[in-house]
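Only one structure is covered here, and it is reproduced in the block below.
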Amino acid sequence: MSSAREPRFLLDPYLDWARAEGIPIHEGFGFDLLSVETSPWPRLGAAGALVLLEGRGDFVDCQVLELAPGGQSEPQRHLHEEVVYVLAGRGSTSVAGAGRRDSFEWGVGSLFALPPNARHQHFNTSGREPARLAAVTNLPLLLNTFHDTEFVFANGFEFPDRMGRDGSYRGEGTLIPVRPGRHQWETNFVPDLRSFELQSWESRGVGSSNIKFVLADGTMHAHMSELAVGTYKKAHRHGPDFHIFPVTGHGYSLFWRTGDPEPTRIDWRHGWLYAPPDQVWHQHFNTAVRPSRYLAIAYGSIRYPFTAEKMDLFSNHDPSWTRGGRQIEYEDEDPRIREIFEAELRKHGAESRMPPVPVRA
Ligand SMILES: [Fe+2]
């Protein structure tokens, strides 16, 4: 029984909303999104689920949407931003607002942004296969700020500057060269991340490459990284909320805090989602005989970092932690890192292309 005098505190309006949506909520370290249970989601007129990762941080969630063969979602409009990655199937999405109207076709590996308050609707254009989308959104930030669903889901404000330009939803974009690890591609839609051209970022790991996306001039962040065949990236750490979606290849990641006797391990391939928790060291290893790519979606973009943590991260990625940075150089690694990697490569019939461990001067 509640009473009018019951003190109201420790409230989480986002979680209250989530529990009232009547769909599965999957909470944990990581999931295979291709197999997580979904159920009919009345708001979207399709099946869905919420995936709330241990490392999701304070501002974002992941919403999984499944469109039946030939099916479609109900038109939606809301104040939160979405960055959508296509896990399975093919279809199209219409986006409209502030005098613009766009429609584009997507398939596995597509990435697109839905600007705040843009009306949008998804269609599965296959009559045989379901389609599954994963959206990382800043709905937790908005609901916990305003704690008013009418304001977030029935708000008439238009954002013309966020709708993109002609071509933004046709896969066109602008390369903004900055420096390794900060090169950017501005667009609203990337048709296929699997074939997108990346830029070298050797200081992150031998053979490493990357691009930072600027999507719909938004505060939602996305980037993609590639690990060359037979290589792994340097360990690093940062704040929470980077939702990692493997895109091509396969491999594993290790997670540990300083002093942990053993790391935690996740084995990944396309379909997986996980998020390194706050300031946990983590390291990604490619065990495939081809390059492995992963997409990361977070809150606080390279254009609008939003938090002091992201501001520092995007300006201060690479230096070694021994010099106040966030990265463990190969010469400072626990020797077991490389032993485990070489054993894993042998299991998968791949060969190491790692250079010899440098000797620290
Ligand atoms: Fe990371």
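Dipole size in debye (nearest 20) for the chain around its Cα centre, Lys and Arg Cβ +1, Asp and Glu Cβ -1?
For the chain, the charge dipole is close to 620 debye.
Please name which of Ala118, Ser225, Leu53 has its Cα lying farthest along the dipole of the chain towards the positive end, using unit charges on Cβ (Lys, Arg +1; Asp, Glu -1) and the Cα centre as origin.
Most positive-ward Cα: Ser225.
Please compute the Cα-Cα pair-distance distribution of region 179-231 with 10 Å bins starting at 0, giving whole percents from short to long.
Pair shares across the bins are 25, 51, 22, 2.
Express in nm, to one decimal, how much length is gained between Arg323 and Ala343 on full extension, taking 0.36 nm for each residue of separation and deducting their alpha carbon distance.
Value of the extension gain: 4.1 nm.
With the Cα gyration tensor of region 10-69 giving a ≥ b ≥ c as the square roots of its eigenvalues, does the rule (a/c under 1.5 for rounded; else a/b larger than b/c for prolate; else oblate) give rounded, prolate or oblate?
Judged from the Cα gyration tensor, region 10-69 comes out oblate (a/c at least 1.5, b/c at or above a/b).
If you line up the Cα atoms of region 131-235 on their principal axes, what length do they span on each, largest first, in Å?
51, 33, 32
What order do you get for 218-226, 8-16, 343-351, 282-290 when each peptide is scored by the mean count of other beta carbon atoms within 10 Å, highest first?
With the highest mean Cβ count within 10 Å placed first, the list reads 218-226, 282-290, 343-351, 8-16.
Taking only protein heavy atoms into account and a 1.4 Å probe, give the accessible area per residue of region 111-187 in Å².
Per residue, region 111-187 has an accessible area of 47 Å².
Evaluate the charge dipole of region 64-197 about its Cα centre and quote only its size in Debye, nearest 20, assuming +1 on the Cβ of each Lys and Arg and -1 on the Cβ of each Asp and Glu.
260 debye
For every other residue with a beta carbon closer than 14 angstrom to the beta carbon of Arg19, add +1 if it is Lys or Arg and -1 if Asp or Glu, then tell me the sum. Walk me through the intermediate numbers first.
Numbers: positive: Arg43; negative: Asp12, Asp16, Glu21, Glu27, Asp61.
Result for the local shell: -4.
Run through all the Cα pairs of the chain and give the fraction in each 20 Å bin from 0, expressed as whole percent.
29, 57, 13, 0
For region 1-72, give the share of DSSP beta bridges that are antiparallel, in percent and rounded to the nearest 5; count only bridges with both residues there.
Taking every DSSP beta bridge with both residues in region 1-72, the antiparallel ones total about 65 percent.
Magnitude of the Cβ-charge dipole of region 31-125, K/R +1 and D/E -1, about the Cα centre, nearest 20 debye? Write out the running numbers ahead of the final one.
Details: 7 positive and 11 negative charges, 93 e Å.
Here region 31-125 has a charge dipole of around 440 debye.
Would you work out which of Phe245, Leu79, Pro276 lies farthest towards the positive end of the dipole of the chain, given +1 charges on the beta-carbon of Lys and Arg and -1 on that of Asp and Glu, about the Cα centre?
About the Cα centre, the residue reaching furthest to the positive side is Phe245.
Count the net charge of all other residues whose Cβ sits under 10 Å from the Cβ of Trp281, scoring Lys and Arg as +1 and Asp and Glu as -1. Can you show the working numbers first?
Values: positive: Arg237, Arg257, Arg326; negative: Asp260.
Within the 10 Å Cβ shell, the charges total +2.
Roughly speaking, to the nearest percent, how much of region 1-116's 1.4 Å accessible area is carbon and sulfur? Show your work: numbers first, answer last.
Numbers: 2560 of 5270 Å².
C and S atoms contribute 49 percent here.
Using alpha-carbon pairs under 8 Å, 6+ residues apart, how would you state the relative contact order of region 212-361 in percent?
30 percent
Any idea what log10 I(q)/I(0) is at q = 0.14, 0.23 Å⁻¹ for region 53-140, Debye with uniform C-alpha scatterers and no solvent?
-0.47, -1.15
Taking the DSSP beta bridges in the chain as the whole, what percent of them are antiparallel, to the nearest 5?
Numbers: 85 of 94 bridges.
The answer is about 90 percent antiparallel.
Taking a ≥ b ≥ c as the square roots of the Cα gyration tensor eigenvalues, with a/c under 1.5 meaning rounded and otherwise prolate when a/b beats b/c, else oblate, which class fits region 210-361?
Details: a/c = 1.85, a/b = 1.31, b/c = 1.41.
Oblate, since a/c reaches 1.5 and b/c is not below a/b.
Order of 48-55, 209-216, 121-128 by packing, highest average Cβ count within 10 Å first?
Output ranking for 48-55, 209-216, 121-128: 209-216, 48-55, 121-128.
Could you pull the Rg and Dmax for region 244-310, using just the Cα atoms, both in Å?
My reading of the Cα-based Rg and Dmax gives 13.5, 39 Å.
Nearest 5 is fine: what % of DSSP beta bridges in region 101-259 come out antiparallel, could you say?
Roughly 75 percent of the beta bridges in region 101-259 run antiparallel, per DSSP.
Per DSSP H run of n ≥ 4, the term is -39500 (n - 2.57); total these for the chain, divide by its residue number, and report the mean residue ellipticity at 222 nm rounded to 500 deg cm²/dmol.
-3000 deg cm²/dmol
The values are calculated or read from the model by the stated rules, or taken from the named source; none is laboratory data. Since we're looking at a predicted model, the values are computed, not measured. Note that we place each Cβ from the backbone using ideal geometry, even for glycine, and neighbour counts take in every protein chain shown. For accessibility, only protein heavy atoms count, side chains too; no ligands or nucleic acids. Shrake-Rupley method; radii C 1.70, N 1.55, O 1.52, S 1.80 Å.
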